[in-house]
Every structure is written in structure tokens, then in C-alpha cells.
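Student: Here's a structure for you.
The values are calculated or read from the model by the stated rules, or taken from the named source; none is laboratory data. Just so you know, these numbers come straight off a predicted model, no measurement behind them. As a convention, Cβ positions derive from the backbone with ideal geometry for all residues, glycine included, and neighbour counts pool all protein chains shown.
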Amino acid sequence: MDRMLGIYIHVPFCASKCAYCDFYSLAGRDKMMDKYQAAILRHIIEAAPQMEPYYIDTIYFGGGTPGYYGAKRICEILSTLKNYSKVLKSAEITVEMNPDSLTSSDLRMLRAEGVNRISLGVQSTKDDILRLIGRRHNFRQAEKAIRMCRSAGFSNISIDLIYGLPTQTRNDWADTLSKAIAMRPTHISGYGLKLEEGTPMCERYKDSDSLPTDDDQADMYLYMTDILARYGYSQYEISNFALPGFESRHNLKYWNLDDYMGFGPSAHSCIGNVRYSYIRDLKGYIDGINSGSSIIDEYETIDKLERAAEYIMLGMRTTRGISKDEYSHIYKSGFDKIEYLLEEYGKKGWVEAEGDRWHFTSSGFLLSNILIGTLLEAQSQEKMYANPWMFSEIGTEGPELTPPSGGTIFN
């Protein structure tokens with residue numbers, strides 16, 4: 001069977017930093033773009049032997065703001081990936097962009113190089129809220145951006161929205177969803193605001209009455225799942241909705257425990273039973289690539305029990321859910337306690353069973369962190385002696401790998 005791999009390219013540059021953003025991104029570092037470009041191209045070339053056994057079926061440029069980084073640089077990265085790895089012609093290739101930083105010429109250049117999916121950070125249709133959270137665009141620019149994407153030949157367009165924002169009412173959110181649906185993107189991601197420590201928004205609004213209450217956020221979420229379903233957007237993950245056939249193939253890799261490899265500062269990778277990430281330091285990443293010194297931040301080998309826990313945690317984020325047969329076949333571990341809890345959840349309307357698969361309902365997704373935590377506790381209660389394979393095999397699944405040094409992936 002052909003082995004597939006997703007590629008993530010982190011672009012840590014922004015025109016300005018949004019007040020709520022906790023991702024590793026930097027404003028005012030444009031002078032470092034060329035040095036970063038040279039480093040990431042070198043990293044990709046050095047990683048070619050590790051990518052060789054795979055076909056690349058998804059590539060995702062995230063950030064930061066890849067659109068601000070420029071189409072010419074993105075196309076150069078894509079060209080290098082095509083030259084040094086086996087990128088499928090049918091690969092899903094996504095570039096994140098903001099409405100204020102895209103141009104028609106850039107879009108045409110990206111489309112000509114094979115980019116076939118654009119993800120736009122719209123966040124809200126209310127201009128006062130956009131200003132409040134530090135966005136550089138207004139809603140009219142967002143509408144224009146979608147028209148520009150379509151004119152450049154993009155038929156797969158995703159937009160990001162946020163609910164639970166300061167001063168945002170349920171009517172504001174309903175208006176945002178109505179206008180978003182009217183633009184008819186193929187994919188909509190709707191995220192509840194989470195105040196991250198160290199962000200300007202957290203410092204300003206922590207414990208503030210300006211934020212919607214938890215009950216208001218819950219109402220906004222349930223309204224979103226209902227109205228998007230009514231207009232043909234099927235929910236396939238807690239925060240993600242798509243028209244039929246337009247689910248994000250790259251993001252599904254994370255939730256389905258598929259292999260993916262990241263490049264850039266703070267980027268994560270998971271290959272087989274090995275997971276690692278790179279340092280959250282632009283200069284450190286560039287210097288490490290150029291000098292051959294370590295750029296690894298975290299590195300771990302995942303044993304079978306951990307992988308089983310990930311199967312539950314990530315699988316239950318999706319509407320595909322999990323199944324007893326799949327769990328038992330892949331992980332050779334008991335499912336009885338987990339199934340008992342799922343049956344109890346079902347009595348409360350938090351989960352549904354379709355065939356042999358269990359998945360959350362909309363109300364269950366609202367409580368998913370708590371409910372998944374309880375499922376993982378039930379899993380941990382399975383005794384070691386009930387899983388004799390663990391004593392002889394735990395930690396030995398897959399090849400023995402050592403942490404990468406410098407810009408290489410594996411020694």
C-alpha cells in the first residue's frame with residue numbers, strides 16, 4: 001500500500017499581531033524573510049531522504065500569514081518540494097491568507113503553481129469587532145477577497161470565524177454566520193475564543209464583563225451547528241464544517257493519526273511512533289539549519305497505550321468517532337469500560353452510535369474536554385495484566401529513531 005504524508009510549512013511572519021493570537025508569529029521581521037526562505041529550502045532538501053518513501057498528498061502553509069510572506073516565496077517552496085519529494089498531482093495544497101494581504105497577481109501565481117485551496121481569516125463580519133481584536137481588514141475586504149480568489153480559479157475556499165469575542169452578542173454571531181453563508185465558501189471553521197496567557201486580549205479582558213458568558217458561548221456554538229447544517233455544511237469535527245467533499249484533507253491527518261512532517265519554527269511532526277517539534281525561535285531555527293546544530297524542542301516515542309489514548313482523544317473530536325472493533329484490532333486493548341461510559345453518555349444525549357461507531361452530538365461536543373477526559377480515565381483503569389502485549393512490546397512499535405540534529409529529520 002502506498003504511504004502518504006502531509007507536509008506543514010510554518011510561516012512565522014505577520015504584518016501585525018492580532019490581540020488574541022498565541023501562535024508563534026512575529027511582526028516587524030520582514031528583513032529576515034530572505035534568510036528564512038534560504039533556511040527552509042535547505043531544510044526541505046536535507047529532509048528529502050526521509051520523505052522519499054512517501055507520496056505527498058497534502059501540503060499546508062500556515063502561520064503567521066503566508067499570504068503576507070508572498071506568493072513568489074511560497075511557489076519556490078512548492079517547487080522545491082516537487083523536485084525533492086513525490087508530490088501527487090491530486091494533492092490538496094492550502095495557503096492561509098488574510099483579506100488585507102492578498103492580491104490578484106499573487107493568487108494567479110499560486111494557482112498556476114498548483115495551490116488549490118485558500119483559507120481566509122475572516123473572523124467576524126462586524127467591523128467594530130474586527131478593530132477591537134486587532135484585525136487589519138474590514139468585512140467589505142473579506143467579501144472582495146473571496147471574489148478575487150474565485151476569479152483567480154480557486155473553487156475550494158475556507159473561512160475562519162470566531163465566536164465569544166468581546167462585546168459580541170448572539171445577534172452579532174447570527175449576523176456573521178448569515179453573511180458567511182451568503183458568501184458560500186466550501187468550508188467554514190468556527191472557533192470559540194480562548195483567552196491565552198500572555199496575549200494582549202487576555203490581559204485586557206480576563207474576568208471582564210465584555211466577554212460573552214459560557215452559556216452565551218454555548219448558545220452560539222449550538223446555533224452555528226444548526227444553521228450551517230441547514231445550509232448544507234456538514235460538521236466533521238468539533239469546529240469544522242464543509243460542503244460535501246470539501247473537508248480539509250490535511251487537518252484530517254491530525255485527527256486520523258496519519259503521518260505528517262512540519263518545517264519551520266514551532267512546527268510539529270508525527271511519523272510512525274515518533275513525535276517531535278522545532279524550537280519557537282526564528283533566529284534559532286535559521287542558525288540551527290545553517291550550522292547543523294539541534295533545532296529540536298520536544299521529541300518523544302509514543303508507546304501503544306499512548307497511541308490508544310490519542311485514538312480516543314482525536315477520534316472523538318470528529319463526527320466519524322471511534323469504534324470497538326477498530327480500537328481492539330489496532331491496539332489490542334480492552335474497550336469494555338469505555339463502551340460502558342459511551343452508553344451512559346448516550347442516555348444523556350451526548351453521543352450517538354451509528355453502526356459500530358460512537359461520536360458526539362452537538363451538545364456532547366460542548367462538553368467534549370470533560371467527556372474525553374473521563375473516557376481516558378476509563379482507559380487507564382484497564383490493568384496491565386489484562387494486556388500482556390504491553391510488557392513485551394510497549395515502546396517498540398516501529399523503527400528505533402534518534403532525535404534529528406541540525407536541519408535533518410532523522411539520523
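Student: Does Asn251 meet the test of being in the same structural domain as Gln37 (by TED's automatic domain parsing) and under 14 Å from Leu5 (Cα atoms)? Spell out the reasoning first.
Tutor: On the way: in the same structural domain as Gln37 (by TED's automatic domain parsing): yes; under 14 Å from Leu5 (Cα atoms): yes.
The answer is yes for Asn251.
Student: Name the pairs whose Cβ atoms lie under 6 Å apart, with the first residue in the range 323-337 and in contact (Cβ under 8 Å) with a residue 24 or more places away in the chain, the second of a type in the set (S, T, N, Q) and outside any helix (DSSP H, G or I), and 6 or more positions between them or separate chains?
Tutor: Partner pairs satisfying both residue conditions: Ser333/Asn387; Lys337/Gln381.
Student: Let me ask something else. Any idea which of (1) over 30 Å from Ala145 (Cβ atoms); (2) acidic (Asp, Glu); (3) in a helix (DSSP H, G or I); (4) touching a residue at least 40 places away in the same chain (Cβ under 8 Å) is the one Asp258 doesn't satisfy?
Tutor: (3) is the only condition that Asp258 fails.
Student: Further question on the same structure: Are there any pairs with C-beta distances below 7 angstrom linking a residue in the range 38-59 that is part of a helix (DSSP H, G or I) to a residue that is hydroxyl-bearing (Ser, Thr, Tyr) and modelled with pLDDT under 95, with the two at least 6 apart or on different chains, and if so which?
Tutor: Within 7 Å, the pairs are Glu46/Thr408.
Student: If you don't mind, there's one more thing I want to ask. Looking at (1) in a helix (DSSP H, G or I); (2) modelled with pLDDT of 95 or more; (3) small (Gly, Ala, Ser), which is the only condition Gly373 fails?
Tutor: (2)
Student: Tyr327 fails exactly one of the following numbered conditions: (1) among the hydroxyl-bearing types (Ser, Thr, Tyr); (2) within 30 Å of Tyr36 (Cβ to Cβ); (3) modelled with pLDDT under 95. What is the number of that condition?
Tutor: The failed condition is (2).
Student: So, one more: Quick one: in the range 11-24, which of the residues that are in contact with a Phe, Trp or Tyr (Cβ under 7 Å, 6 or more places away or on another chain) and within 16 Å of Ile286 (Cβ to Cβ) is surrounded by the most Cβ atoms within 10 Å (Cβ to Cβ)?
Tutor: We begin by selecting, within the range 11-24, every residue in contact with a Phe, Trp or Tyr (Cβ under 7 Å, 6 or more places away or on another chain); these are 11-15.
With the extra rule that they be within 16 Å of Ile286 (Cβ to Cβ), the set shrinks to 11-13.
Values: Val11: 28, Pro12: 26, Phe13: 22.
Once the filter is applied, the top-ranked residue is Val11.
Student: Scan the range 302-324 for residues that are β-branched (Val, Ile, Thr), under 30 Å from Ser25 (Cα atoms) and modelled with pLDDT of 95 or more and jot them down. Even if it seems obvious, please write down each step before you answer.
Tutor: Pass one, the range 302-324, residues β-branched (Val, Ile, Thr): 302, 312, 318-319, 322.
Now narrow it down to the ones that are under 30 Å from Ser25 (Cα atoms): 302, 318.
If the condition is that a residue be β-branched (Val, Ile, Thr), under 30 Å from Ser25 (Cα atoms) and modelled with pLDDT of 95 or more, then Thr318 is the only one that fits.
Student: Let me ask another. Of all residues in the range 221-235, how many are surrounded by fewer than 20 Cβ atoms within 10 Å (Cβ to Cβ) and among the aromatic types (Phe, Trp, Tyr)?
Tutor: The total comes to 2.
Student: In this structure, does Gly334 turn out to be in contact with a strand residue (DSSP E or B) (Cβ under 8 Å, 6 or more places away or on another chain) and either over 19 Å from Gln235 (Cα atoms) or in a helix (DSSP H, G or I) (or both)? Don't jump to the end; show me each part of the working.
Tutor: On the way: in contact with a strand residue (DSSP E or B) (Cβ under 8 Å, 6 or more places away or on another chain): no; either over 19 Å from Gln235 (Cα atoms) or in a helix (DSSP H, G or I) (or both): yes.
Against the criterion (in contact with a strand residue (DSSP E or B) (Cβ under 8 Å, 6 or more places away or on another chain) and either over 19 Å from Gln235 (Cα atoms) or in a helix (DSSP H, G or I) (or both)), Gly334 does not qualify.
Student: Still on this structure: Is it the case that the range 234-246 has a residue that's within 30 Å of Glu52 (Cα to Cα) and either out of contact with any Lys or Arg (no Cβ under 7 Å at 6 or more places or on another chain) or outside the structural domain of Ser124 (by TED's automatic domain parsing) (or both)? Give the derivation first.
Tutor: Going through the range 234-246, the residues within 30 Å of Glu52 (Cα to Cα) turn out to be 245-246.
Pick out the ones that are also either out of contact with any Lys or Arg (no Cβ under 7 Å at 6 or more places or on another chain) or outside the structural domain of Ser124 (by TED's automatic domain parsing) (or both) and you get 245-246.
Yes, the range 234-246 contains at least one residue that is within 30 Å of Glu52 (Cα to Cα) and either out of contact with any Lys or Arg (no Cβ under 7 Å at 6 or more places or on another chain) or outside the structural domain of Ser124 (by TED's automatic domain parsing) (or both).
Student: What are the residues in the range 282-310 that are under 30 Å from Asn369 (Cβ atoms) and part of a loop (DSSP other than H, G, I, E, B), if any? Step through it out loud before you land on a result.
Tutor: From the range 282-310, those under 30 Å from Asn369 (Cβ atoms) are 296-310; that's our starting set.
Residues satisfying the conditions are Ile302, Asp303.
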